[in-house]
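Notes to accompany the following structure.
The values are calculated or read from the model by the stated rules, or taken from the named source; none is laboratory data. Please read these numbers as outputs of a predicted model, since none were measured by experiment. Every residue, glycine as well, gets a Cβ built from its backbone with ideal geometry; the counts of neighbours run over all protein chains shown.
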Amino acid sequence: MNKDLEKLLFNPVRLKILSFLLTVESASFKKLMEVSNATKGNISIQIKKLEDSNFIKIQKKFENNYPLTSCKITSKGKKSFELFFESLKAYKQD
Amino acid sequence: MTNSEQIKIINDTINKTRTNLKPLSFNLIFWGIFINIMSLIHYVFPEFIQQTYYSSALYWILLPMFGMIYMTRWNIKKYTEIGYSTTLNRAIKIIWGVFGFGWLMIVLVSMYEGINPVPDILFLLGLVIIMTGMIIKFKPLTSGGMVLFIFIFALHQNPDQNFLIVNMIGVTLGLLIPGIMLNKMKCNE
């Protein structure tokens, strides 16, 4: 398994974020907080790390003068996550 | 964190994802009521709506356009509140967006040709309702669309029927009742 990927997804918050984004088109920052049970600060750090690895894309816009952050998984993120999940299952079977 | 724990986190998170169908049900109910009220007003005050050929056409174009703008804004607000959108939501949005465009084309072409747009609109509506019902696996909606097809067939066989009454019954069976049933459903897929 890719060591960088393994290291990145070893964090449960990042793992939850990526698992959720895999099943939806896009999700808001607030929803990701709810899904991962993490604080605002923690989520900000984790999604930045995922974005730096090109696993997710962060979009920022304003709605009624309020900032709205939404995240979307990239095709690289999808492929890497699928590989990661397959290797996890293979390890479990061994 | 062990491999088993990681697999459990992934499975639990994926299982939490649900497509929220409540907004769709509100859309169906809104249009069911909206078109019924419009048809009823037209039925009760035909001399007012049909003052000129264009007044009736404008009535059936402008008011639904306002409805579309209102519902588009409502949907954007609702999905922002929900915080996520699934592929299923996107498919439904595209289907109904295409319906809106098709509806406008039918109304404009019918106006130009001087023909009644109701049978064509009901046909398109029936088609879109059946597609939506099959995609979300909700039988009452699929059945509602099929009932609309029966009405179109009846209209074709007997064109002397009052189009406004047919419109009201068709929209009630195809949109309003399935919309209420979808809204009452406790668990969404």
- Subset of segment B:1-35 [more than 15 Å from A:Phe84 (Cβ to Cβ), of a type in the set (Ser, Thr, Tyr) and in contact with a Phe, Trp or Tyr (Cβ under 8 Å, 6 or more places away or on another chain)]: B:Thr17
- Task: Go through (1) over 25 Å from B:Lys22 (Cα atoms); (2) touching a Pro at 6+ places or on another chain (Cβ under 8 Å); (3) touching a residue at least 24 places away in the same chain (Cβ under 8 Å) and name the single condition B:Ser110 misses.
- Result: (3)
- Message: Against the definition (more than 22 Å from B:Trp103 (Cα to Cα), among the charged types (D, E, K, R) and away from chain A (no Cβ under 14 Å)), how does B:Glu47 come out, yes or no?
- Response: yes
- Task: Find all pairs meeting these conditions: Cβ atoms under 6 angstrom apart; at least six residues apart or on different chains; first residue within segment B:10-22 and within 8 Å of another protein chain (Cβ to nearest Cβ); second residue in a helix (DSSP H, G or I).
- Result: B:Ile10/A:Ser19; B:Thr13/A:Lys16; B:Thr13/A:Ser19; B:Thr13/A:Phe20; B:Ile14/A:Ser19; B:Ile14/A:Thr23; B:Thr17/A:Thr23
- Item | Any chance B:Leu182 is assigned to a helix (DSSP H, G or I) and free of Cβ contacts under 8 Å to residues at least 60 places away in the same chain | no
- Task: Please verify whether segment B:90-98 includes one or more residues that are over 30 Å from A:Leu8 (Cβ atoms), of a type in the set (Phe, Trp, Tyr) and touching a Gly at 6+ places or on another chain (Cβ under 6 Å).
- Result: no
- Enumeration of residues in segment B:51-90 that are within 14 Å of chain A (Cβ to nearest Cβ) and loosely packed, with under 14 Cβ neighbours inside 10 Å: B:Arg73, B:Ile76, B:Lys77, B:Glu81, B:Thr87, B:Arg90
- For B:Lys93, state whether it is touching a Lys or Arg at 6+ places or on another chain (Cβ under 9 Å) and part of a helix (DSSP H, G or I). no
- Here, helices (runs of 4 or more DSSP H) confined to chain A with at least 3 residues that are surrounded by 14 or more Cβ atoms within 10 Å (Cβ to Cβ) are A:12-23, A:29-36, A:40-52, A:75-93
- Give the residues of segment A:79-93 that are in contact with a helix residue (DSSP H, G or I) (Cβ under 9 Å, 6 or more places away or on another chain) and over 25 Å from A:Gly41 (Cα atoms), sorted by residue number. A:Ser80, A:Glu82, A:Leu83, A:Phe84, A:Phe85, A:Ser87, A:Leu88, A:Lys89, A:Tyr91, A:Lys92
- Which residue out of B:Leu141, B:Leu108, B:Leu124 is assigned to a helix (DSSP H, G or I) and modelled with pLDDT under 90? B:Leu108
- In segment A:4-27, what residues are within 14 Å of A:Asn42 (Cα to Cα) and either facing chain B (nearest Cβ under 9 Å) or of a type in the set (Val, Ile, Thr) (or both)? A:Asn11, A:Pro12, A:Val13, A:Leu15, A:Lys16, A:Ile17
- Task: Using the structure shown, decide if B:Thr132 is surrounded by fewer than 21 Cβ atoms within 10 Å (Cβ to Cβ) and among the hydroxyl-bearing types (Ser, Thr, Tyr).
- Result: no
- Task: Quick one: which residue in A:Lys30, A:Lys89, A:Lys57, A:Lys40 is closer than 20 Å to B:Tyr84 by Cβ and within 14 Å of chain B (Cβ to nearest Cβ)?
- Result: A:Lys30
